[in-house]
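*Asks:* Following this message is one structure expressed as structure tokens.
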Amino acid sequence: MSGTTNLGIPFIQAAQNQKEVTANAAFEALDASANAAISIAMGDTNITLTDAQALRAGLVTLTGSNTGVRKVTLPSKARRIAIQNSTGGALDITVGYATGATVTVGNGAIVLIQGNGTNCYGVGGAAALGDLADVVGPFLNGDLLQFDGSAWRPLGTGILSRVMLPFKGALVRRATTLSITTTPTSVPFTDATYDTDGFWSGALPTRLTVPAGVTKVRLWARLRWTGGSANHGARIYKNGAAFVGQGDFKAASGYTDADYSFGSAVVAVTAGDYFELQPYASATRTGAANELQFAIEVVETADAANPTLLALTDTPASYAGAAGKLLQVNGAGTGVEFGPKHNLTATAAPTATDDSAAGYGVGSYWLDSVGAKIWFCTDATAGAAVWKGVTIA
């Protein structure tokens, strides 16, 4: 009896008796293909779904614990099916036909897959934002996303667009009095109320110095002194000179005491730039203890848009399949890469199946804490790995 091309549902024949039997079976098959859910343990290996599994379930949940990226092969039929990656090991699964384009299903994700018998295409990701095809990471908790014309990605490159990032900056003060002279003179501060990244040092007490990785800052100052009426003012200097966006203040005589605060615009900086607060008056006056204060606030950092290891230009592009591997400098000395996989928590000796398929390679080492031996892989051939052991004294 002939049937449908893809789901294999039998056709009702013209002279068939009990047509309702065939019709009911067809309805049941259609219902199962759209709504039934099954679970399959992968067994840490690539698997091929049978017709019964792939054509009679709308959702296939994959379980078990994988040590590497594994593939699920579908029967060569046009099909729309949801695949859920519930495997242990935090590794991806690829889904496709024997040949052709595949779809990657991230760990913990559910992806709806459309196949035409040759190639598979991901329709969407339902488990996490990062699984969507048009959301480009890396992103952090608190990020806002913006559309750049082709994909959604973290908004901007500054701390202000990442509301959950830690504050960076410093606030210093002078705990003792200071003579304010007629010449603008940098204030030597005595201590820091807070200093997140070493902006201030007692060795250079007048300066707030920009550390590596900071690209934009804002400055603030407060001053108070006594001693009688006098013209007075103050300025914030960068690297010993005026700069665009600097903060300053100037006032004519009229008050016995001076008490004011002011700030700068957000200004671009590079590592090593420094800022100083320089007060002055038309007659010598005394700056009050704890009332000469100076602060710097970081509003943008060089790595704000690239907060993860994988986003750096000289590092690997993915963690997939890298479980148990250590970072090492690449052969060209231009960046880092994942080296061989290692196992430092084993309770038994390695076997021939601890091989290249499991992610190990020549040079991998294996610590058997129960057998008190350390093993080194000298041949990682699939199914025939060779390990040499040394007893730990």
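*Asks:* Using a 7 Å offset from Cα along Cα-Cβ at Ala36, what residues in the range 52-86 end up with backbone N under 14 Å from the label point?
*Replies:* Those under the cut-off are 52-61.
*Asks:* In whole Hz, with x marking every Gly and Pro, tabulate ³J(HN,Hα) for the range 376-387 from phi via Karplus 6.51 cos²θ - 1.76 cosθ + 1.60, θ = phi - 60°.
*Replies:* Running phi through 6.51 cos²θ - 1.76 cosθ + 1.60 with θ = phi - 60° gives 10, 7, 10, 7, 9, 3, 4, x, 9, 5, 10, 10 Hz.
*Asks:* Local charge sum around Gly100 (other residues, Cβ-Cβ under 14 Å, Lys/Arg +1, Asp/Glu -1)?
*Replies:* Local net charge: +3.
*Asks:* At Val123 and Glu337, where each label point lies 7 Å from the Cα along Cα→Cβ, what is the point-to-point distance in nanometres?
*Replies:* It is 4.0 nm.
*Asks:* Cβ under 12 Å from Leu49's Cβ, Leu49 left aside: what net charge do those residues give with Lys, Arg +1 and Asp, Glu -1?
*Replies:* Net of charged neighbours comes to +3.
*Asks:* While we're on this one: If you take the charge dipole of the chain about its Cα centre, with +1 on Lys and Arg Cβ and -1 on Asp and Glu Cβ, which of Tyr260, Asn239, Thr286 is farthest toward its positive end?
*Replies:* Thr286
*Asks:* Looking at (1) 115, 66, 34; (2) 59, 49, 45; (3) 63, 43, 41, which value of Cα extents along the principal axes in Å comes from a calculation on the structure shown?
*Replies:* (1)
*Asks:* Could you check the simple spin-label distance between Ser318 and Val390, using points 7 Å along Cα→Cβ, in nm with one decimal?
*Replies:* 3.5 nm
*Asks:* Could you list Lys19, Lys341, Lys238 so that the one with the fewest beta carbons within 10 Å of its beta carbon is first and the one with the most is last?
*Replies:* In order of increasing Cβ crowding within 10 Å: Lys19, Lys238, Lys341.
*Asks:* Nearest 5 is fine: what % of DSSP beta bridges in the range 36-131 come out antiparallel, could you say?
*Replies:* 50 percent
*Asks:* Can I ask one more? Do you know the Lys pair count in the chain for C-alpha distances under 25 Å, with sequence separation 8 or more or different chains?
*Replies:* 12
Since every read-out is calculated from the coordinates, none of them should be taken as a lab result. From a predicted model like this one, the values you see are computed outputs, not experimental measurements. Glycine also receives a Cβ, built like all others from the backbone with ideal geometry; neighbour counts cover every protein chain displayed.
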